[in-house]
1. Pairs only if they're at least six apart or on different chains, beta carbon under 9 angstrom, first in the stretch 29-42 and more than 10 Å from residue 341 (Cβ to Cβ) and free of Cβ contacts under 8 Å to residues at least 24 places away in the same chain, second of a type in the set (S, T, N, Q) and crowded, with 24+ Cβ neighbours inside 10 Å; list them, first residue then second.
2. Are there any pairs, at least 6 apart or on different chains, whose C-beta atoms fall under 6 Å, with the first in the stretch 298-322 and closer than 24 Å to residue 344 by Cα and the second among the aromatic types (Phe, Trp, Tyr) and part of a strand (DSSP E or B), and if so, which?
3. Scan 155, 201 and give me the residue that is within 18 Å of residue 300 (Cα to Cα), touching an Asp or Glu at 6+ places or on another chain (Cβ under 9 Å) and among the polar types (S, T, N, Q).
4. Which one of the conditions (1) farther than 27 Å from residue 49 by Cβ; (2) under 16 Å from the mean Cα position of the chain (by Cα); (3) outside any helix (DSSP H, G or I) does residue 307 fail to meet, given that it meets all the rest?
5. Among the listed residues 151, 144, which satisfies the condition of being surrounded by 18 or more Cβ atoms within 10 Å (Cβ to Cβ) and within 30 Å of residue 52 (Cα to Cα)?
6. I'm trying to understand the selection: among the residues of the stretch 123-145, which are out of contact with any Lys or Arg (no Cβ under 8 Å at 6 or more places or on another chain) and either of a type in the set (Val, Ile, Thr) or under 19 Å from residue 300 (Cα atoms) (or both)?
7. Among what's in the stretch 85-104 and is outside any loop (DSSP other than H, G, I, E, B) and touching a residue at least 24 places away in the same chain (Cβ under 8 Å), pick the residue that is surrounded by the most Cβ atoms within 10 Å (Cβ to Cβ).
8. How many residues does the stretch 261-289 contain that are farther than 26 Å from residue 153 by Cα and at pLDDT below 90?
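The values are calculated or read from the model by the stated rules, or taken from the named source; none is laboratory data. Just so we're clear, the structure is a prediction, and the values are computed from it rather than from any experiment. A quick note on method: Cβ atoms are made from the backbone with ideal geometry, for glycine too, and the neighbour counts reach across all protein chains shown.
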Amino acid sequence: MKALRIYGPCKMRYEDVPKPSPGPGEVLARVHSVGLCRTDIEVYENRLYHYKIGKAMLPVIPGHEWAGVVEELGSGVTDLQLGDRITCETALGCGHCQLCLSGHQNICQDRIENGIINRNGAMAEYIVAPRSTTHRIGDLEFDAGAFIEPAAVCTYAVKTGRVCPADSVLVLGAGPIGQLLTQIAKAYGARQVVTVARKETKLQLARSLGADATINSGSEDLLEVAMALTDGLGFDVMLEAAGSAPLLQNAIGAVAVRGRIVLTGSYVGALASLDPDVIVCRELSIAGTVGGEACYEEAIGLLRSGRVRVEPLTSDRRPLSEAIGVFESLAEGAGESVKVIFHP
């Protein structure tokens, strides 16, 4: 089969590789759509945290946001049928540590992850997935199905932030994750959702998808506008998806007393300084999230109901054979894409 394979920092080939076979408890799926995530770029550049500390090794086939069709069932799989439309979770824990036993395989310290940590992903014609992490996507289009993983990530972040109808929510970032966070916070009933970004086109998209207001962090004073929008109280919840430590540092002042801050994704640069007294005296809660723990079925429901729209987030569709040029372009910081979908 044809697949995209990363061999080293910015070294990638589109080539023939052996077609995988499902083992016991696994399924083989033909990939129809696979999304390009910022994490894929970080794997390509070999700067993802797990590669830095030596827990992930190359080569690897990237791709963890995907949808496809079951083509073969491994032994012991009796509750799926050939032709079922599916996706699967990214993380697969060891299964026996305390974290896995308590339902947190997404942060198992020995986990593997499709297309990221020591397991081939979906930028190929076929992928093998454990039945235990596989989900039917129903009548969703395959391109929409490729958004289930990031939608699950965002659902997990919104739930971690305990977003409820009484809350005002500030979303930092208007890429795919930021746009999904904006919509899911609204789906959870937040009374006010405000999205922050530097590019006006992405802010316009956020408004079209339900943001009550936006702040251009490149041309507006974030704290001044934030306080004006919240009558000087600040936001009850801040969901950070920009991957910018300086923006996060600046935005902490826009969070209300006893506010909740949820960090998701990877960050470029460290905080220059953080006064712990700000956290203590204002009783702020700060949490990080990894993956979409136990949120895939809910994410599928949000997409199927239309409460979360992903079609406007797809900025480009390409055959997988053209992926190398896209990786190179995005790694160089070129382009205005929100989400690129590849078709193997």
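1. Correct list of pairs: empty, since none qualify.
2. 318/342; 320/342; 321/14
3. Values: 201 fails: within 18 Å of residue 300 (Cα to Cα).
Answer to the check: 155.
4. Condition not satisfied by residue 307: (2).
5. 151
6. Scanning the stretch 123-145 gives 127, 128, 129, 130, 131, 132, 133, 134, 135, 141, 144.
7. 87
8. 7
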